[in-house]
Amino acid sequence: MKRVKLLLFILCAIPGLLTAGGRKDGIIRENGNAARTLRITPGKEWIHSYSALVKVPPQYALWIEDADGNYLKTVYVTKKAATQGWSFSKGERREEALPLWSHRRDIRDAEGVLLPSKKEPLPDELTGATPKRESTIPLNLPGGPGPFRIVLEINHSTDYNEKWPEDAEPGSPGWSGGAGGQPSLIYWALLSPEDDSPVPLTLGGHGSPDGGSGEIYTDMEGFDTALKILDSAVIYKEE
């Protein structure tokens with residue numbers, strides 16, 4: 001009889017425990033706000049031919065800002081950018097890869113560089129290998145009423161073209177850090193905790209070609225294949 005009563009008590013308590021733990025009306029909540037998922041759909045140029053034998057997906061960072069553009073937290077960064085473990089880089093770090101993220105984050109390593117390193121990488125829970133097909137990233141909003149700016153910066157190395165050529169000299173208009181090519185692209189959206197419908201990220205500009213600043217540039221002249229890296233990035237509320 002005691003076991004039966006205990007079982008009944010647990011069954012009755014579960015709904016309340018779920019609500020207290022962050023679930024209410026079927027919606028998972030974090031810091032009082034409903035959790036979201038960002039669904040990333042690759043475009044035709046998602047896989048880039050680095051060489052005849054090496055084909056790679058892009059690198060990207062996802063983070064959250066307030067409505068005024070003040071950095072709040074990093075959600076996800078691909079592994080090579082999070083560890084600066086670039087192939088064929090001879091140990092050099094690539095400031096041109098995700099310059100807006102590194103400047104917005106504004107954390108310097110022991111050498112004073114605005115980048116993670118192999119010695120000081122990002123925590124494992126914030127990083128992973130770049131998916132080669134459609135993927136989703138959990139997006140837990142900070143507490144507060146918002147709105148929040150969701151920012152995705154994405155880039156391919158060595159996707160040179162006529163405006164950012166491989167033979168550009170340092171200091172020239174086409175210089176992109178040596179292994180850059182077309183600069184990083186910035187996609188973003190303002191998201192309110194009350195938004196129930198899907199919210200797409202839209203193109204907002206590009207990052208510094210050589211990684212030297214945290215500016216956002218809105219002149220998109222000269223881009224070609226980089227504009228086809230991403231097909232879409234859409235935020236959905238978790239049901």
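The values are calculated or read from the model by the stated rules, or taken from the named source; none is laboratory data. The model shown is predicted, which means the values in this text are computed figures rather than measured ones. Quick reminder, even Gly has a Cβ in these numbers, built from the backbone with ideal geometry, and neighbours come from all protein chains shown.
Here are a few things to note about the model shown:
- Wholly enclosed strands (runs of 3 or more DSSP E) of segment 107-210 bearing at least 1 residues touching a strand residue (DSSP E or B) at 6+ places or on another chain (Cβ under 7 Å), among the basic types (Lys, Arg) and at pLDDT 90 or above: 148-155
- Among the candidates 193, 170, 165, 200, the residue that is farther than 22 Å from residue 79 by Cα and touching a Leu at 6+ places or on another chain (Cβ under 8 Å) is uniquely 193.
- Search result, residues across segment 94-131 that are among the aliphatic types (A, V, I, L, M) and within 25 Å of residue 206 (Cβ to Cβ): 97, 98, 100, 107, 113, 114, 115, 122, 126, 129
- Residues (crowded, with 17+ Cβ neighbours inside 10 Å, on the phi < 0 side of the Ramachandran plot and touching an Asp or Glu at 6+ places or on another chain (Cβ under 8 Å)) located in segment 160-180: 160, 163, 175, 176, 179, 180
- Residue check for residue 209: within 26 Å of residue 177 (Cβ to Cβ) and more than 14 Å from the chain's Cα centre (by Cα): yes
- Boolean, residue 176 is touching a residue at least 60 places away in the same chain (Cβ under 8 Å) and assigned by TED's automatic domain parsing to the domain that holds residue 140: yes
- Where residue 183 falls short, out of the listed (1) in contact with a helix residue (DSSP H, G or I) (Cβ under 9 Å, 6 or more places away or on another chain); (2) crowded, with 16+ Cβ neighbours inside 10 Å; (3) without any contact (Cβ under 8 Å) to a residue 60 or more places away in the chain: (3)
- Output for segment 186-200, where each listed residue is buried (at least 20 other Cβ atoms within 10 Å of the Cβ) and among the aliphatic types (A, V, I, L, M): 186, 189, 191
- Evaluating residue 47 against the criteria (1) out of contact with any Gly (no Cβ under 9 Å at 6 or more places or on another chain); (2) at pLDDT below 85; (3) of a type in the set (Val, Ile, Thr) leaves one unmet condition, (2).
- Whichever residue in segment 221-230 is surrounded by 13 or more Cβ atoms within 10 Å (Cβ to Cβ) and over 15 Å from the mean Cα position of the chain (by Cα) and, among such residues, is farthest from residue 46 (Cα to Cα): 222
- Single residue of segment 31-75 satisfying the filter (touching a residue at least 12 places away in the same chain (Cβ under 8 Å), more than 16 Å from residue 226 (Cβ to Cβ) and charged (D, E, K, R)) that is surrounded by the fewest Cβ atoms within 10 Å (Cβ to Cβ): 73
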